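S.K.: Structure incoming, see below.
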Amino acid sequence: MTRLVTALALTSCAALAARGGAPALVARDVYVMGTRATLAAYAPTRDTGRAALDTALAVLDETEGELSTWRDTSRISALNHQPVGVPWQATPTLCHMFAAVWQWYEATGGAFDPGIGRLLEAWDVHGEGAIPTREAARRAQSLSGLSRLSFDSSRCTLTKHADATIDVGAFGKGEALDRVDAALGDSAWMINLGGQISVGGPTPAGGWPVAIADPRHRDRPFLQVRLLEGSLSTSGGSERNLVVNGIRVSHIFDPRSGQPARFGGSVSVWHRRGLAADALSTALFVMGPDEGLRWAEAHRVAALYLIPAGDAVRVAASAAFQTAAGVRVTGLE
Ligand code: AMP
Ligand code: MG
């Protein structure tokens, strides 16, 4: 945080300064949506900056209350408990969200598939990690995937055909950041929500300085980038990985095989929308750099892989990443 504030203090926020007076930078570190978050805003006064951060936090809290699978009272928990064959009515906001979820599920050929709640449960991905028996794994796989549900976008209903559950891990943060984007007005803001960073409002000159972590040591920055607009989501290299029987296992699964994804690096995706960046970084992690870069080129998606190679880390970016409007790589750490 100190680094961010120092870097920003050296950067003038031309768009805000033009309205008179030097803009004030306010920042806050919080724990929200099960992860650490840094919120920062440039505003004409400290009070308006603080008010912007209060609004952002309220939106994040509300989104967590709606999407959390930990809370039995959340709407997603209600969906996960919905009996098979009985349509579940989504609110307009969740209907909009599920339309995007289905879109990315289909576009990525199921590499992004949040319908794998049962599979993640069998491997205890949100707990200590466990290797399921062959029978438990087979059963979990037979109850996994968005193909076990149908989404009627005109009626805004979801209907389960098997006892599948939704895991929001790969898209909930992005959805929350999109809701913040819709709620905040004039302030220039940046939120780092457990590794996914979104910015909005008038961009500080040169953009917001952020770092992409070393995939082998999540707390060590590896690449410096500047974010001008939109959202940058990184998947992999996470402390959320599991250690099962002494073996490090990814918390990201390949829904097609039902096995943990094998890629040992990380992938960052920039997209104007947070949910899209979030879903796509997970999907491209599952695909790995070879298939993933081909897919990213074909779909003009801005993706950057960090690929551990011996003691070094290789950087491989899609053409869209190199020309993306919202992100610039400024250097190695
Ligand atoms: P992210 O860190 O955004 O890549 O999301 C990873 C989280 O999403 C995991 O911790 C799981 O909760 C969930 N997840 C794992 N694999 C997948 C997948 N292939 N598609 C959708 N969600 C997944
Ligand atoms: Mg994701």
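The values are calculated or read from the model by the stated rules, or taken from the named source; none is laboratory data. None of these values were measured; they are calculated from a predicted model. No Cβ is skipped: glycine too gets one built from the backbone with ideal geometry, and neighbour counts run over all protein chains shown. The accessibility values were calculated without ligands, DNA or RNA, using every heavy atom of the protein model including side chains. Shrake-Rupley method; radii C 1.70, N 1.55, O 1.52, S 1.80 Å.
S.K.: Within the stretch 214-240, track down each residue that is away from ligand 2 (no atom under 13 Å from the Cβ) and open to solvent by 30 Å² or more (accessible area, probe 1.4 Å).
M.R.: Within the stretch 214-240, ARG216, HIS217, ARG218, ASP219, ARG220, PRO221, PHE222, GLN224, ARG226, LEU228, GLU229, GLU239 meet the criteria.
S.K.: Pick from the stretch 126-183 the residues that are of a type in the set (Lys, Arg) and more than 16 Å from ligand 1 (Cβ to nearest atom): which of them is least open to solvent (accessible area, probe 1.4 Å)?
M.R.: LYS160
S.K.: Return the pair list, or none, for Cβ contacts closer than 6 Å from residues in the stretch 120-133 that are under 17 Å from GLY34 (Cα atoms) to residues that are among the small types (Gly, Ala, Ser), at least 6 apart or on different chains.
M.R.: Between residues of the stretch 120-133 that are under 17 Å from GLY34 (Cα atoms) and residues that are among the small types (Gly, Ala, Ser), the close pairs are ASP124/ALA130.
S.K.: Here's something else I'd like to know. Report yes if ALA90 is open to solvent by less than 70 Å² (accessible area, probe 1.4 Å) and either within 20 Å of GLY274 (Cβ to Cβ) or modelled with pLDDT of 95 or more (or both), otherwise no.
M.R.: Working: open to solvent by less than 70 Å² (accessible area, probe 1.4 Å): yes; either within 20 Å of GLY274 (Cβ to Cβ) or modelled with pLDDT of 95 or more (or both): yes.
In short, yes.
S.K.: Could you tell me which of the residues ARG273, ARG262 is within 13 Å of ligand 2 (Cβ to nearest atom), more than 18 Å from VAL329 (Cβ to Cβ) and surrounded by fewer than 20 Cβ atoms within 10 Å (Cβ to Cβ)?
M.R.: On the way: ARG262 fails: within 13 Å of ligand 2 (Cβ to nearest atom).
Exactly one of ARG273, ARG262 is within 13 Å of ligand 2 (Cβ to nearest atom), more than 18 Å from VAL329 (Cβ to Cβ) and surrounded by fewer than 20 Cβ atoms within 10 Å (Cβ to Cβ), namely ARG273.
S.K.: Can you find even one residue in the stretch 56-72 that is on the phi > 0 side of the Ramachandran plot and touching a residue at least 60 places away in the same chain (Cβ under 8 Å)?
M.R.: As a first pass, look at the stretch 56-72 and keep what is on the phi > 0 side of the Ramachandran plot: none.
No, the stretch 56-72 contains no residue that is on the phi > 0 side of the Ramachandran plot and touching a residue at least 60 places away in the same chain (Cβ under 8 Å).
S.K.: Now a separate question. Sort out which residues of the stretch 235-268 are among the aliphatic types (A, V, I, L, M) and in contact (Cβ under 8 Å) with a residue 40 or more places away in the chain, and write them in order of number. Steps first, please.
M.R.: Our first condition is that a residue be among the aliphatic types (A, V, I, L, M); within the stretch 235-268, this holds for 242-244, 247, 249, 252, 261, 267.
Selection gives LEU242, VAL243, VAL244, VAL249, ILE252.
S.K.: So which residues in the stretch 184-202 are surrounded by fewer than 21 Cβ atoms within 10 Å (Cβ to Cβ) and either closer than 24 Å to THR45 by Cα or free of Cβ contacts under 8 Å to residues at least 60 places away in the same chain (or both)?
M.R.: LEU184, GLY185, ASP186, PRO202
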